[in-house]
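As C-alpha cells, the structure follows; a few thoughts come after it.
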Amino acid sequence: MNETSQAQAQAKQEHHNLVIEIRIHDEAYYQNDAPRVSDAKYDAMRKRLLALEAQFPILATHDSPSKNVGAKASGKFGKITHSVPMLSLDNAFDSSDVRDFSARVRRFLRMGEDEALPFTAEPKIDGLSASIRYANGVLVSAATRGDGRIGEDITANISTLENVPHTLVGENWPEVIEVRGEVYIDDVDFATMNAQQEHAGKEPYKNPRNAAAGSLRQIDASVTASRPLKFFAYAWGEVSAPLSDTQMGAVDNLKAWGFSTNDLMQICDTASELIAHYKSIEAKRSTLGYDIDGVVYKVNDLALQERLGFVSRAPRWAIAHKFPAEKATTIIEDIDVQVGRTGALTPVARLKPVMVGGVVVSNATLHNEDEIKRLDVRVGDTVEIQRAGDVIPQVLRVVDVKKAERPPAFSLPNTCPICGAEAVRDVDDKGNMDVVRRCTNGLQCPAQAIESFRHFVSRRAYDIDGMGAKQIEAFYQKGLVLAPAHIFTLEARNCDIKLETWDGWGARSAANLFAAINARRHIDFHRFLYGFGIRHVGHGNANLIAKHYLSFDNFLQVMTADNQDAARADLLSIDGIGEAGATALLAFFHAPQNMAVIDELLDQVSVIDAKVPDANSPVTSKTVVFTGKLEIMSRDEAKAKAQSLGAKVSGSVSGKTDYLVAGPGAGSKLKKAEALGVKVLSETEWLALID
Ligand code: IVH
C-alpha cells in the first residue's frame, strides 16, 4: 500500500467511527433530548469530520452527518441574510385590478398610452421560494425566503434537487449570481408520496405545497433527497453583472445556465393581452401537472423595473393575478367567539369538515356581528364557503335552511367570553359605530394578553424561535410571563422555574430558548415598535416611523411631549401614516401603563437605531416636500427616489422642511416655504442635486 492510500484507509476508518459516534449523539440529543457530550466536544467531532471530508471528498457520502444543515448546537437551520431582500407580490383579483396595475405603472413612469410597455406573464407556482447562490459557477449556498431579509440555510437540502445544477453550464454567467424560484412537488409525485405515507400508517399531506415544505425543511438532508422536489427558476437576487436588458432575456439565460424555467412565460403588450394569457393558463390549469394559484405579470424592461423599485415588501413592477377562490358547501355545526390581540370578538363558524381546493376546512370566520346579520346565518344552516390561498376561509352565503325551526339569530355577547369584562362597540367622533365589538379589559384579559405575547415573539417582531403559542400560554398560565419584559428575565429565574424539567422540555431545548431570547436583546427600532401591537401600526408603518425618527429615544420624545398637536402633525407628515395610526400611537404613548411596560422592557433590551438608507447622498435625512406639477418624473417616482436616497418626504411645509421642490402651478406651499425661508428648487435643480 502506498502512503496516500494508507492515509486514505486510515481516514476512512476514522470517518466511519466519527459518523457512528455523531449519530449516537444526534439521537441522544434530538430523539431523547438527553445529550451525552458537551457542545464543545460534539462540535470538535463535526469539525474533524468536515476536515476529513475536505481532504478526502470521497468520504462525503450522501448520508454523512455533514450533510445535515445546522444540526449542531441548535438542532435548527442556520440563518442566511439575503443580500438583496426576497420580495413578495401584490395581488390582483380581477381584470380591472390588472388594468389598474398597468395604468399605475405607466403613470409612475409618466408614459403615454401610445408608448410600448411590454410585460411578461407566467404561472404563479404554488410552492416555496428559495434563493440559490453561485460563486464562479458553483452552488455555494441556498436559503428559504424567511421574513424576506433573513432566511434559513437549506444549502444541503437544495443540493439534493435533481433539476438544480451544482455547477452552472453554458457561458457568460456572472461571477456571483443568486437564482430565485419556486420549490414544488408535481401532482403525480405527490400522489405517489401520499400513497407511501398512508402505506406507512402516516398522516397524508394536505396538498403538494405542504408536502414540498415538509420535504425541504428537513434537518437531515438525506430525507429531502428521497423526496421528489423540483425547482422552477423565475427571478434573481444579488448578481455581479446584469443578466440581460429584459426579464425574458434574463430567464432565457437562466435556462441556458442549466435551470428549469416555465414554458408558459410569454410577452404581452397590453393589459388585454395579459388577461387573455391569464385565461388560457387558467383553462390549462388542471392539466399542467403542478399546482399554480395565479399568473404573475412583470414589466419586461429591467431598466424600468429599476426605476419602479418597490413599496414596502412588493415590487411596483410586478403583480400576481390570483385565480378565484375555491368554494364548497357544508353545514354550520356551531358558532364560537374568539378574542384577539386587540380584544376584538370574532365569531367563528365550526363547520362539518369539507374539502376545499385540496384542503380540509372545518372553521370559517364570520368576521363580526354585522356580517352575521347580513348573511343571516344560523347554526344548522348549509352554507357556501370559500378559501383563497392561506387566507382564513369565509362564509359566503346560506344556500339552504335545513330545519323548519331555525335557532334564533346569533348575537355576540356583551361581555368577553374569556374574562367576563364588558365588550363594546366603539363610537367615533362622528357617531359611527365600529363594526367590531371589543373586550375592554386590555392586557388584564388572558386572551388579549396571550395573543399580545404571541405577536411580540412573532416573526416580524422579536422572532423568538421556540416560543410558540403553547409555550406562551404555559408561561402565562403559570404567572411567569405577564409582561413582555418577563420573557427576558426567564433565564435568570430558571433556578426556580426549572424549565428543563417541564413536560416536553429538556436541558438542550431550554438552553436553546434562552439563547433565542438573548439573541433579541438588541432589537431593531421597527421590530421593537411593531412588537407592541399598536392598532394601525403594522410592520410597514413601524418601518416608516423608524426611518423617519431613526432612534426610538427621538421618537419617544416627540410622542410624549406635552404638545400632542405637534406630535400628531409630525406623524401625519410621514407619507403613509394616517389619522387612525397617529391617534392610536398618541393614545398608546400617553397611557401610563404602557410607559411602564416600555420602561421595564428597556431595562432588558436595547433598541438599534434605524439605518439611513444612503448615508452618503446629499439629501440624507433632509425633509423634502414636492408641490405643483412635476414634468420629468411622476410625483410617485420622485418621492420614491428621494426616499431611496435617505430623504424624508413630507406632505406639508414647516420650519423643518429642508427643500420644497416646486413645479408649475405651485401655490400655498410655495408661499409658505418662501415665508419660512425654506430653500425652493425647481424639478431640474432637484435632479441636479441628487444626481
Ligand atoms: S416573482 C420580486 N414569479 O409568489 C418578485 N414569484 O406571492 C419575486 N411565486 O414570494 C417573485 N411563482 O414565492 C414570482 N412566477 C413567479 C412565481 C412567484 C410563485 C411566489 C414567490 C413569491 C410569492 C408572492
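The values are calculated or read from the model by the stated rules, or taken from the named source; none is laboratory data. Treat the numbers as computed from the prediction; the structure is a model and nothing was measured. Reconstructed Cβ throughout: ideal geometry from the backbone, glycine too, with neighbour counts over all protein chains shown. Only protein heavy atoms, including side chains, enter the accessible area calculation; ligands, DNA and RNA are left aside. Shrake-Rupley method; radii C 1.70, N 1.55, O 1.52, S 1.80 Å.
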Completion exercise
Too long for a 25 Å Cα-Cα cut-off, among Lys79/Lys648; Lys124/Lys639; Lys124/Lys352; Lys611/Lys639, are Lys79/Lys648; Lys124/Lys639; Lys124/Lys352
Handout entry: Net charge over other residues, Cβ less than 11 angstrom from the Cβ of Ser458 (K, R count +1; D, E count -1)
Key = +2
Exercise for the section: Measure off, as a whole percent, the carbon and sulfur share of the 1.4 Å-probe accessible area of the range 625-682, all protein chains present. Expected result: 52
Exercise for the section: Give the ranking of His486, His321, His522 by solvent-accessible surface, highest area first, calculated with a 1.4 Å probe. Expected result: His522, His486, His321
Practice task
Report the one residue of Ala542, Phe532, Asn518 whose Cα lies farthest in the direction of the positive end of the charge dipole of the range 493-597 (charges on C-beta: Lys and Arg +1, Asp and Glu -1; origin at the Cα centre).
Solution key: Asn518
Practice task
Pairs of Cα atoms under 8 Å, at least six residues apart: use those to get the relative contact order of the range 351-507, whole percent.
Solution key: 12
Fill in the blank from the handout: Charge tally for neighbours of Pro228 with beta carbon under 12 Å away, counting Lys, Arg as +1 and Asp, Glu as -1, is -2
Exercise for the section: Would you mind checking Lys430/Lys656; Lys230/Lys322; Lys76/Lys478 for any pair whose Cα atoms are more than 24 angstrom apart? Expected result: Lys430/Lys656; Lys76/Lys478
Problem - Peptides 367-375, 84-92 ordered by average Cβ neighbours within 10 Å, highest first - result: 84-92, 367-375
Exercise for the section: State to the nearest 20 debye the size of the charge dipole of the chain about its Cα centre, where the only charges are +1 on K and R beta carbons and -1 on D and E beta carbons. Expected result: 700
Completion exercise
Of the accessible area of the range 388-475, computed with a 1.4 Å probe and all protein chains kept, carbon and sulfur make up a percent value of 50
Problem - Rounded percent of accessible protein surface that carbon and sulfur make up, the range 190-249, 1.4 Å probe - result: 50
Completion exercise
Given a 1.4 Å probe, the accessible area of the range 422-488 per residue, as a whole number of Å², is 49
Completion exercise
The answer for the range 558-670, accessible area per residue at 1.4 Å probe in Å², is 47
Completion exercise
Of Ile392, Ile332, ordered by accessible area with the largest first and a 1.4 Å probe, the sequence is Ile392, Ile332
Fill in the blank from the handout: With the 1.4 Å probe rolled over protein heavy atoms, the range 222-373 has an accessible area per residue in Å² of 42
Practice task
With a 4.7 Å Cβ cut-off, tell me which Cys residues in the chain come up empty for a partner.
Solution key: Cys268, Cys495
Fill in the blank from the handout: Computed about the Cα centre, the charge dipole of the range 338-418 from +1 Lys/Arg and -1 Asp/Glu charges at the Cβ has a magnitude in debye, to the nearest 20, of 160
Problem - Ala421 long-range amide H proximity, modeled H, under 5 Å - result: Cys416
Problem - Mean separation of Cα contacts under 8 Å, 6 or more apart, over the residue count of the chain: relative contact order % - result: 10
Fill in the blank from the handout: Ordering 681-690, 109-118, 524-533 by per-residue average of other C-beta atoms within 10 angstrom, highest first, gives 524-533, 681-690, 109-118
Handout entry: Computed helical MRE - 222 nm, the chain, DSSP H runs ≥ 4 contributing -39500 (n - 2.57), nearest 500
Key = -11000 deg cm²/dmol
Exercise for the section: Mind checking which aspartates and glutamates have their Cα closer than 20 Å to the Cα of Lys498? Skip sequence neighbours fewer than 8 apart in that chain. Expected result: Asp33, Asp465, Glu473
